[in-house]
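> One structure coming up, written as structure tokens, with questions to follow.
The values are calculated or read from the model by the stated rules, or taken from the named source; none is laboratory data. All of these numbers come straight from a predicted model, not from anything done at the bench. Please note: Cβ atoms are built from the backbone with ideal geometry, for glycine as well, and neighbour counts cover all protein chains shown.
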């Protein structure tokens, strides 16, 4: 059984009421993704793990106003929404790219997947 707990003070205390539903769902999609995704047996960089979770939220449509725009960031693997945008680009080039990456991360992790 999985339990998901998060602090309303941490995530939602400063949000306008209009953003509450969107941002609640964003956090929910992100955290549930972590319970289902692979981490390369601990070898995958945090930026990639968090980027995959944010990719799922991007695809869900529940993203915060602060979410990176395409082309933002300094490096594809800096994590969260910047990496999500990169993964979305890759997924646009090859449908199923992110699912395949997650599947490959069952046994470990290597940047060679991106070659």
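> Give just the number: which of (1) within 14 Å of the chain's Cα centre (by Cα); (2) free of Cβ contacts under 8 Å to residues at least 12 places away in the same chain does residue 26 not satisfy?
That leaves (2) as the condition not met.
> Find the residue count for the stretch 63-101, including only residues that are under 17 Å from residue 34 (Cβ atoms) and at pLDDT 95 or above.
Number satisfying all stated conditions: 8.
> Something else about it: Given the options 112, 107, name the one that is surrounded by fewer than 17 Cβ atoms within 10 Å (Cβ to Cβ) and over 30 Å from residue 3 (Cβ atoms).
112
> Can you confirm whether the stretch 78-87 contains a residue that is surrounded by fewer than 19 Cβ atoms within 10 Å (Cβ to Cβ), at positive phi and part of a loop (DSSP other than H, G, I, E, B)?
No: zero hits.
> Report, by residue number, each residue of the stretch 38-64 that is closer than 15 Å to residue 85 by Cβ and either in a loop (DSSP other than H, G, I, E, B) or in contact with a strand residue (DSSP E or B) (Cβ under 7 Å, 6 or more places away or on another chain) (or both).
Those that are closer than 15 Å to residue 85 by Cβ and either in a loop (DSSP other than H, G, I, E, B) or in contact with a strand residue (DSSP E or B) (Cβ under 7 Å, 6 or more places away or on another chain) (or both): 61, 63, 64.
> For the stretch 90-103, what are the residues that are under 13 Å from residue 44 (Cβ atoms) and either loosely packed, with under 14 Cβ neighbours inside 10 Å or in contact (Cβ under 8 Å) with a residue 60 or more places away in the chain (or both)?
102, 103
> So, one more: Any chance the stretch 19-40 includes a residue that's crowded, with 17+ Cβ neighbours inside 10 Å, modelled with pLDDT of 90 or more and farther than 21 Å from residue 3 by Cα?
The answer is yes, given that some residue of the stretch 19-40 is crowded, with 17+ Cβ neighbours inside 10 Å, modelled with pLDDT of 90 or more and farther than 21 Å from residue 3 by Cα.
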